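Engineer: Structure in structure tokens, see below.
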Amino acid sequence: MRVEIEQFQNTVTLRCSGRLVQGDGLEQLRRTVMSETAKHLILDLSDVSSIDAGGLGELVELRQWAIDSARTFTVLNPSERVRELVVATNLQFVLDVTTTSEESSNAAVAGSSSSIGTLPAAICAADL
């Protein structure tokens, strides 16, 4: 897995590409996310080709870490495969998922912990 980092004001976007699977960079992703000091964290998964239970679990753990650290954590533009597995595991009710960077940035600026983008209703994150 590869992670590119972009920072703008108090928001960091981490663009992931490759596989988000156990044993293939999940620990690196965790360390990278947890080392960021920004208040708003956006994980762009548009270039993630596959994800497994370990990857989904890592997303949930990172979300909880963000909440415990008084930060926002948004999953941006998940690939089709990632969206399918999020819905299949009912994580759409746990993760904040959006489909455009503008929506995610607006949510970060507003301090919202949930932004419902233009995803189908089955994938929209519920307000927590």
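The values are calculated or read from the model by the stated rules, or taken from the named source; none is laboratory data. The model shown is predicted, which means the values in this text are computed figures rather than measured ones. Reconstructed Cβ throughout: ideal geometry from the backbone, glycine too, with neighbour counts over all protein chains shown.
Engineer: Could you tell me how many of the residues in segment 5-55 are more than 21 Å from THR89 (Cα to Cα), of a type in the set (Asp, Glu) and part of a strand (DSSP E or B)?
Structural biologist: Of the residues in that region, 1 qualify.
Engineer: While we're looking at this one, here's another question. In the set ILE123, ILE116, ILE42, which member is at pLDDT below 95, touching a strand residue (DSSP E or B) at 6+ places or on another chain (Cβ under 7 Å) and buried (at least 17 other Cβ atoms within 10 Å of the Cβ)? Step through it out loud before you land on a result.
Structural biologist: Details: ILE116 fails: touching a strand residue (DSSP E or B) at 6+ places or on another chain (Cβ under 7 Å); ILE42 fails: at pLDDT below 95.
Of ILE123, ILE116, ILE42, the one residue that is at pLDDT below 95, touching a strand residue (DSSP E or B) at 6+ places or on another chain (Cβ under 7 Å) and buried (at least 17 other Cβ atoms within 10 Å of the Cβ) is ILE123.
Engineer: Looking at this structure, is ILE67 in a helix (DSSP H, G or I) and either aromatic (Phe, Trp, Tyr) or modelled with pLDDT of 95 or more (or both)? Reasoning before the result, please.
Structural biologist: Working: in a helix (DSSP H, G or I): yes; either aromatic (Phe, Trp, Tyr) or modelled with pLDDT of 95 or more (or both): yes.
Yes; evaluated as a whole, the condition is true for this residue.
Engineer: Taking the condition under 18 Å from MET1 (Cβ atoms), of a type outside the set (S, T, N, Q), without any contact (Cβ under 8 Å) to a residue 40 or more places away in the chain and buried (at least 20 other Cβ atoms within 10 Å of the Cβ), does LEU29 pass?
Structural biologist: Numbers: under 18 Å from MET1 (Cβ atoms): yes; of a type outside the set (S, T, N, Q): yes; without any contact (Cβ under 8 Å) to a residue 40 or more places away in the chain: yes; buried (at least 20 other Cβ atoms within 10 Å of the Cβ): yes.
Yes: the conditions hold for LEU29.
Engineer: While we're here: Would you pick out the residues in segment 43-85 that are more than 17 Å from GLY18 (Cα to Cα) and touching a residue at least 24 places away in the same chain (Cβ under 8 Å)?
Structural biologist: VAL60, GLU61, LEU62, ARG63, TRP65, ALA66, ILE67, ALA70, ARG71, THR72, PHE73, THR74
Engineer: Same structure again: So VAL21 ticks every box in (1) modelled with pLDDT under 95; (2) touching a helix residue (DSSP H, G or I) at 6+ places or on another chain (Cβ under 6 Å); (3) buried (at least 20 other Cβ atoms within 10 Å of the Cβ) but one. Which box is left unticked?
Structural biologist: (3)
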